[in-house]
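Following: one structure in structure tokens, then a few remarks.
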Amino acid sequence: MFVVLAALAFTLSPSDQGKDIAARADQVDAGWRAERARVTLRVDSKVGREDDRVFELTQVEATGNDAERSLVVLEEPARHRGMELLTIPGDDGQDEVWMRLPAYKQVKRIVGRKRGSRFLGSEVSLEDLGARSQSRFTHTWLRDEELTGQRCHVVEAVPRDPESGYERLVLWREIETLRVLKVAYYAREGGGLVKEAVSSDYALLGKWWRPGKVVVTNAETGRATTLLFTNRQAGLVLSPDAVSRRRLEQ
């Protein structure tokens, strides 16, 4: 099989090879239905102290005509407890982000490139916590190379969403499993490197590989945010309202 794929790679253009890698990545990651995890967001402060934010992340897989959806529910710090952030497809096919502030009993939309703003002072944006389907990007294979001793496809992914905060992403995918080991994010304005995310502590969740740890490092300041995933579940069956505008408006 490896010989066949290797031979095929030489006959494909970089664009077609990028599409092929993305399609295979979606295929091996299909079938998880809905997934939930408790996430600790550990932020390096300016004085060398680590500050934690904790939230529950629920993601719903795209099926048929339904696109991916995600919901973040804040648990810590206490002043943000109960705040919810919902990412759903809009009428134009692009993501919409809605925020519920329980203290003010308000639901408001986060528009345009504000989705690319920092999430609670971390190096992670709301856009980063949204949908992850490869169909949201245009892919081009760049090269194959080693990263931390593992042979990887290096693929450029350009967001289809014109309101994305990123001009492009570069992904390092392990060739054997297609797990993402590293992502480099480049700014929409100016095209410079914004940050890099390195995923580790992978484990099988059912038949799907998931990282236990992701470290996101600001390319300019070196400031890091660490995401730690616990209590992870996949294959969940959720009600239609579990990740929806209706939930926020209750």
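Read-outs: derived from the displayed coordinates by stated rules, not from any lab. The shown structure was predicted, so the numbers you read here are calculated from the model rather than taken from an experiment. Here the Cβ positions follow ideal geometry from the backbone for every residue, glycine too, while neighbour counts run over all protein chains shown.
Note down the Stokes-Einstein diffusion coefficient of the stretch 152-237 in µm²/s, whole number, using a Kirkwood radius over alpha carbon pairs, 37 °C, and 0.692 mPa s.
D, rounded to a whole number, is 230 µm²/s.
Only Lys, Arg, Asp and Glu count, each charged at its Cβ (+1, +1, -1, -1), so figure out the dipole size of the chain about its Cα centre, rounded to 20 debye.
Dipole magnitude for the chain comes out near 720 debye.
Looking only at Gln134, Gln17, Gln106, which one moves most when the chain is put into a Gaussian network model with springs between Cα atoms under 10 Å?
Gln106
Once the Cα atoms of helix 14-28 and of the chain are each reduced to a long axis, what angle between those two axes, in degrees from 0 to 90 to the nearest 10, is obtained?
Tilt of helix 14-28: around 60 degrees.
Could you work out how far helix 2-11 tilts from the main Cα principal axis of the chain, as a 0 to 90 degree angle to the nearest 10?
90
Based on DSSP H runs of at least 4 residues, each adding -39500 (n - 2.57), what is the mean residue ellipticity at 222 nm of the chain after dividing by all its residues, to the nearest 500 deg cm²/dmol?
Calculated mean residue ellipticity at 222 nm is -3500 deg cm²/dmol.
For the stretch 172-182, what does the Karplus curve 6.51 cos²θ - 1.76 cosθ + 1.60, with θ = phi - 60°, yield as ³J(HN,Hα) per residue in whole Hz, taken in order and with x for Gly and Pro?
Calculated HN-Hα couplings, in order: 9, 10, 4, 5, 5, 10, 6, 5, 7, 9, 7 Hz.
Report the percentage of all Cα-Cα pairs in the chain whose separation exceeds 28 Å, rounded to a whole percent.
Beyond 28 Å sits 33 percent of the P(r) for the chain.
Can you list the residues, at least 5 places off or on another chain, whose amide H is less than 5 Å from the amide H of Ala242, using H built in the peptide plane?
Residues meeting the criterion, in which the H sits 1.01 Å from N, do not exist here.
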